[in-house]
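K.L.:
Structure provided below as structure tokens; questions to follow.
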Amino acid sequence: MDLECVAENAHTTSVIKSPIPPPTLTEPCCVGIDEAGRGPVLGPMVYGIAYCPISKIPELTDLGVNDSKQLKEADRERILAGINDNNDYIGYCVKVLSPNFISNSMLGRENYNLNAMSHDTAISLLQGLLESGINVQDVYVDTVGPADKYQAKLSGIFPTLNITVASKADAKYPICGASSICAKVARDKCIENWANPERNVDISECGSGYPGDPNTKDWLRRNVDPVFGFPQFVRFSWSTAENIMAKDCVKVTWDDEEEEKENIPKINSFFKNIQKESDISRHRFYHEQGLKSKTIL
């Protein structure tokens, strides 16, 4: 994985791919999909997809792949190095979703919630493998939401693939564990090398990034601007951030809100129906001479 590329693209929604191992174009392959950073109020969410020939699962297992959350940072990086060293049969891809992208999507005119965002990201990564010619046969996905509904959704989109969606899939299926490690290491590098475009923002003491962490809450309070809100490192659509902005930021009043409060008529109320000819009062000369309006000559 080009970790420098990952760090450089942390502020945008970007995709980083490994080289495609030649055997994956011909041999039946298994695929794993998992994410890192779904819950935190800080930093990006990263989705990972890993793939290899089904015949290579024993070798993949020997690398020690597992749920990334159960591994220490040093172990995750060691295993990723092993995955890179075996790029003759293992391939992967990570997609970085920036905090700004997440928040803007969730607060847009049409609500795009995190579950839908996660599903769409997984679908796009799997579609990317198919378009690259990978011979995908079995797919294992760590669930987001009810597993049965998610599996039915994916099976409807990819009817020729054997798809399994399960809770804790990264601990049950080695290829899903590999995708979990790729996603987690990529996210860690994004945060470690985060370059704040705003001045005087230090993320070294931001805590775990999870909403319930007192250190994270304290960091958020110290780094909110009363006019401009939070730095780009923050997912401002999270309720934790919204509550702090509501309390500590300058209140903004929008013109349309004032109009609703003051009961100002809507613009279409100024347009009245044109009276019909029969409703118009005419001078008696008009009637005495038998004159009538004509629309066609």
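The values are calculated or read from the model by the stated rules, or taken from the named source; none is laboratory data. Computed from a predicted model, the values in this text were never measured in an experiment. When we count neighbours, we look across all protein chains shown, and the Cβ atoms used for this are built from the backbone with ideal geometry, even at glycine. Quick note on the areas: whole protein, heavy atoms, side chains included, nothing else; ligands and nucleic acids left out. Shrake-Rupley method; radii C 1.70, N 1.55, O 1.52, S 1.80 Å.
K.L.:
Among what's in the range 99-136 and is assigned to a loop (DSSP other than H, G, I, E, B) and free of Cβ contacts under 8 Å to residues at least 60 places away in the same chain, pick the residue that is nearest to Pro40 (Cα to Cα).
P.N.:
Once the filter is applied, the top-ranked residue is Asn113.
K.L.:
Which of the residues spanning the range 148-183 are touching a helix residue (DSSP H, G or I) at 6+ places or on another chain (Cβ under 8 Å), hydroxyl-bearing (Ser, Thr, Tyr) and within 29 Å of Ala74 (Cα to Cα)?
P.N.:
Ser167, Ser179, Ser180
K.L.:
Among the residues of the range 46-55, is there at least one that is touching a Gly at 6+ places or on another chain (Cβ under 8 Å), crowded, with 22+ Cβ neighbours inside 10 Å and within 30 Å of Asn243 (Cα to Cα)?
P.N.:
Yes, the range 46-55 contains at least one residue that is touching a Gly at 6+ places or on another chain (Cβ under 8 Å), crowded, with 22+ Cβ neighbours inside 10 Å and within 30 Å of Asn243 (Cα to Cα).
K.L.:
If I go through the range 75-104 residue by residue, how many of them are among the hydrophobic types (A, V, I, L, M, F, W, C) and open to solvent by 30 Å² or more (accessible area, probe 1.4 Å)?
P.N.:
Number of matching residues: 2.
K.L.:
Under 6 Å between Cβ atoms, at least 6 apart or on separate chains: pull out the pairs that start in the range 46-72 with a residue that is without any contact (Cβ under 8 Å) to a residue 24 or more places away in the chain and of a type outside the set (A, V, I, L, M) and end on any residue that is surrounded by 14 or more Cβ atoms within 10 Å (Cβ to Cβ) and outside any strand (DSSP E or B).
P.N.:
So the pair list comes out as Gly64/Ile79.
K.L.:
Could you list, in sequence order, the residues of the range 167-221 that are open to solvent by less than 50 Å² (accessible area, probe 1.4 Å), within 30 Å of Lys56 (Cβ to Cβ) and not small (Gly, Ala, Ser)?
P.N.:
Those that are open to solvent by less than 50 Å² (accessible area, probe 1.4 Å), within 30 Å of Lys56 (Cβ to Cβ) and not small (Gly, Ala, Ser): Asp170, Pro174, Ile175, Cys176, Ile181, Cys182, Val185, Arg187, Asp188, Lys189, Cys190.
K.L.:
Determine which member of the set Leu114, Leu107 is under 22 Å from Gln232 (Cβ atoms) and open to solvent by 70 Å² or more (accessible area, probe 1.4 Å).
P.N.:
Leu107
K.L.:
Taking the condition surrounded by 15 or more Cβ atoms within 10 Å (Cβ to Cβ) and in a helix (DSSP H, G or I), does Ser155 pass?
P.N.:
So Ser155 fits the description; yes.
K.L.:
If you check Thr61, Thr12, Thr26, which single one turns out to be of a type outside the set (A, V, I, L, M), surrounded by fewer than 21 Cβ atoms within 10 Å (Cβ to Cβ), more than 18 Å from the chain's Cα centre (by Cα) and at pLDDT below 95?
P.N.:
It is Thr61.
K.L.:
Got a sec? Which strands (runs of 3 or more DSSP E) wholly within the range 24-98 have at least 1 residues that are hydroxyl-bearing (Ser, Thr, Tyr) and more than 29 Å from Asn223 (Cβ to Cβ)?
P.N.:
Answer list for the range 24-98: 45-53, 91-97.
K.L.:
Suppose the filter is surrounded by fewer than 21 Cβ atoms within 10 Å (Cβ to Cβ) and within 25 Å of Gly91 (Cα to Cα); does Thr240 pass it?
P.N.:
In short, no.
K.L.:
Does Asp148 meet the test of being in a helix (DSSP H, G or I), within 15 Å of Glu35 (Cβ to Cβ) and not small (Gly, Ala, Ser)?
P.N.:
no
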